[in-house]
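No value in this document is a laboratory result; all are computed from the given coordinates. Because the structure is a prediction, the values reported are computed rather than measured. For neighbour counting, all protein chains shown are included, and Cβ atoms are generated from backbone atoms with ideal geometry for every residue, glycine included.
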Amino acid sequence: MTTTETSPFTVRREGTLPAPSLPPFGQFIRGEFVPSTSASTFDVVNPATEEVLVQVPSGSVEDVDAAVAAAKAATADWAAKTPKDRSAVLLRIADVIEANREVFETLEAANTGKPAAVAEDDISSAIDTFRFSAGAARAFTTLGADDYAENHTSVIFREPVGVVGVITPWNYPLLMAAWKIAPVLAAGNTMVLKPSEQTPLTTLKLAELIASEVPAGVLNIVTGSGRVVGNRISEHPDVDLVAITGSVGSGQKVAATAASSVKRVHLELGGKAPVVVFDDADLEAAAKGVRSAGFWNGGQECGAACRVLVHESVAEKFTELLIREVSDISVGTPGAGDDVEVGSMISKAHYERVLAALDDVRKDGLTIAVGGNALEGPGYFIEPTVVTDVPAGAPITRTEIFGPVISVETFTTDQEAITRANETIYGLAASVWTSNSARSLSVPRRLDFGTVWVNSHLVIANEVPWGGFKGSGYGRDLSIYALEDFSRTKHVMYNRG
Ligand code: NAD
């Protein structure tokens, strides 16, 4: 179904982006772009226009094997560098991204259809991730040496894990790569990274621009499918740890494959973040918070504020405020201006998945208070949508739609709000909106999510950890905890007797 005449939304298309600066063609192995051993390619598409931007190699098992061999050969030298020297490399990477900020923003927006403001934020955040990890590399220490057994002195070393395999998603291509490259290299590992087959361009551009800054073999990039390239990274006996940011299903497959070589696994998976709005909340602030955190990146965001649980006594007022906020959202192409809030969905397949979820909402008899339809093409645009009067346990409260769709359900007691918020397989993020200080202290402790915001949502900083519980996985990105995840401890005990 496409949008009706009464829709408050149209796709703004005024203005165009400059032509993106495309990366070289090939796999980035041992510090240079080399041809893939596979002749097949896949199209990389601009989802806001449906144009094919470029073709990229659909890599092979042999490509992964070559990249892993390069990474393994580089481990000893990179691990032997002092934290100060590794930190200097990361600072230079940050400087290169900053100096080429517009190249990255344009390329990211062209490959994802995301609004210019989101692309700008992604690139700023990626720069900060490298700067944070550069500092963290030097501040990352272990317990001091001491005696814990008679006449024996213990020293605990922090070591790199070795070769780390990384698999990234399409929603924040460069940023999700940065979240892994920075701490993985800071902790002294080398790596092989597979970007999403849909969005490899900024990761390849990064490789092109930092090739002379990073020793050959320390960072290798292989493009291709999850089924071939991702699977080979997960099973390869010389990959010591595999980290994936993606859906629960892909994470399960990676973990199962990794089990055969008993390698460590780091999982950052999906989410379905509840937003619990109590009767004492600042309702206007909560509605504005849901507008920005629910529709950021078109709702293609693992921590999106997509599931509102509002106290029944304020539900009518809150819903009215939310509908007003959402009806005012500006939809458009990346070139249409910095005030565009929602861009296109990432691909035709994903656009169809989100529309199918909206069909299910209709079949379930729920009320679509605003939006609910596709917008006119070209491009995979969907109206910002609010679904109201959602009963407890409805499928929309549990399934990750990963699009511009927010559901609103009501609760009566605090206990009910907490129980229902926790009734999901996911455990990535949640928020609580209240002006009651006792609630603001007690409720977050009882919510089973890796991040809980109070009177806020989707504010992320490099100093604090990001990662989930339950089906959302068990890895930690950002903060000193990421360096912990990408390193190992070794105890050496000296007999002084
Ligand atoms: P996806 O799972 O389809 O793909 C993610 C990556 O995994 C891609 O590179 C893909 O090629 C690869 N992959 C797929 N199957 C694989 C397999 N069998 N073996 C190895 N690799 C495989 O996810 P997506 O659609 O790209 O991204 C959206 C998902 O990512 C959502 O569920 C979202 O919540 C999640 N996500 C989570 C976080 C987080 O921090 N927790 C951040 C961003 C996105």
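Please list, in order along region 399-409, the HN-Hα scalar couplings obtained from phi with the Karplus expression 6.51 cos²θ - 1.76 cosθ + 1.60 (θ = phi - 60°), rounded to whole Hz, x for Gly and Pro.
Residue by residue, region 399-409 yields 9, 6, 8, 6, x, x, 9, 10, 10, 10, 10 Hz.
In degrees, nearest 10, range 0 to 90: what is the angle between the Cα axis of helix 83-99 and the longest Cα principal axis of the chain?
Once rounded, one gets 40 degrees.
Taking the beta-carbon count within 10 Å as an exposure proxy, list 409, 284, 150 from fewest neighbours to most. Each step should come with its number before you reach the end.
Values: 409 24, 284 13, 150 7.
Listing 409, 284, 150 from fewest to most nearby Cβ atoms yields 150, 284, 409.
Could you give the distance between the Cα centres of region 34-83 and region 457-497, to the whole Å?
27
Report P(r) for the chain: all Cα-Cα distances, bin width 10 Å, range 0 to the bin holding the largest distance, values in whole percent.
Going out from 0 Å in 10 Å bins, the chain shows 4, 20, 28, 25, 15, 6, 1, 0, 0 percent.
Can you give me the Rg/Rh ratio for region 263-354, using Cα atoms for both radii and the Kirkwood formula for Rh? Walk me through the numbers before you get to the answer.
Working: Rg = 15.7 Å, Rh = 14.9 Å.
Looking at region 263-354, the ratio lands at 1.05.
Within 10 Å of each residue's Cβ, count the other Cβ atoms and sort 388, 412 from fewest upward. Intermediate values should be presented prior to the final figure.
Details: 388 21, 412 10.
Ascending Cβ contact count within 10 Å gives the list 412, 388.
Given H placed on each backbone N at 1.01 Å, which residues far from residue 464 in sequence or on other chains put an amide H within less than 5 Å of it?
479
Please give me the summed charge of the neighbours of residue 45: other residues whose Cβ is under 13 Å from its Cβ, Lys and Arg +1, Asp and Glu -1. Kindly include the intermediate steps, with their values, before the conclusion.
Numbers: positive: 348; negative: 43, 50, 51, 197.
So the surrounding residues net to -3.
Any chance you could check the Cα centroid distance between region 245-266 and region 374-415 for me, in angstrom?
That distance is 29 Å.
For residue 317, which aspartates and glutamates qualify as cross-link partners when the Cα separation must be under 15 Å and same-chain residues fewer than eight apart are set aside?
In chain and number order, the partners are 279, 280, 282, 284, 325, 389, 409.
What is the gain in length, in nm to one decimal, between residue 128 and residue 261 on full extension, counting 0.36 nm per residue of separation less the C-alpha to C-alpha distance?
Extra length available between residue 128 and residue 261 comes to 44.4 nm.
What nm distance separates the two modelled labels at residue 491 and residue 143, each placed 7 Å from Cα along Cα→Cβ?
Label-label distance for residue 491 and residue 143, simple model: 0.8 nm.
Less than 27 Å apart at the alpha-carbon level, and either on another chain or at least 8 residues along: which lysines does that give for residue 114?
Here the lysines satisfying the reach criterion relative to residue 114 are 180, 194, 205, 272, 288, 348.
Could you give the dipole magnitude of the chain about its Cα centre, charging the beta-carbon of Lys and Arg +1 and that of Asp and Glu -1, in debye to the nearest 20? Numbers along the way, then the final one.
Numbers: 41 positive and 61 negative charges, 302 e Å.
Dipole size: approximately 1440 debye.
What span do the alpha-carbon atoms of region 348-497 cover on each of the three principal axes, reported in whole Å from largest to smallest?
Taking max minus min along each principal axis of the Cα atoms, region 348-497 gives 78, 43, 24 Å.
Specify the angular offset, from 0 to 90 degrees and rounded to the nearest 10, of the alpha carbon long axis of helix 437-446 from the longest principal axis of the alpha carbons in the chain.
60
When DSSP beta bridges are limited to those with both residues in the chain, what percentage is antiparallel, rounded to the nearest 5?
Values: 29 of 70 bridges.
Expressed as a percentage, antiparallel bridges in the chain total about 40.
Treat every Asp and Glu Cβ in region 163-266 as -1 and every Lys and Arg Cβ as +1, leave all other atoms uncharged, and give the resulting dipole magnitude about the Cα centre to the nearest 20 debye. It would help to have the intermediate numbers written out before the result.
Numbers: 8 positive and 6 negative charges, 51 e Å.
That gives a dipole near 240 debye.
Using θ = phi - 60° and the Karplus relation 6.51 cos²θ - 1.76 cosθ + 1.60, list the HN-Hα couplings for region 486-497 in order, rounded to whole Hz, with x at every Gly or Pro.
Karplus values, whole Hz, x for Gly and Pro: 9, 9, 9, 9, 10, 9, 10, 10, 9, 7, 9, x.
How would 148, 474 line up from fewest to most surrounding beta-carbon atoms within 10 angstrom? Mind dumping the intermediate values first?
Details: 148 9, 474 18.
Ranked by crowding around the Cβ, least crowded first: 148, 474.
Lysines within cross-link reach of residue 490: Cα-Cα under 22 Å, excluding same-chain residues under 8 positions apart?
The qualifying lysines are 72, 81, 84, 263.
Provide the per-residue ³J(HN,Hα) series for region 163-179, in order, calculated from phi with Karplus coefficients 6.51, -1.76, 1.60 and θ = phi - 60°, each as a whole number of Hz, with x at glycine and proline positions.
9, 10, x, 10, 10, 10, x, 9, 6, 9, x, 6, 5, 5, 5, 4, 4
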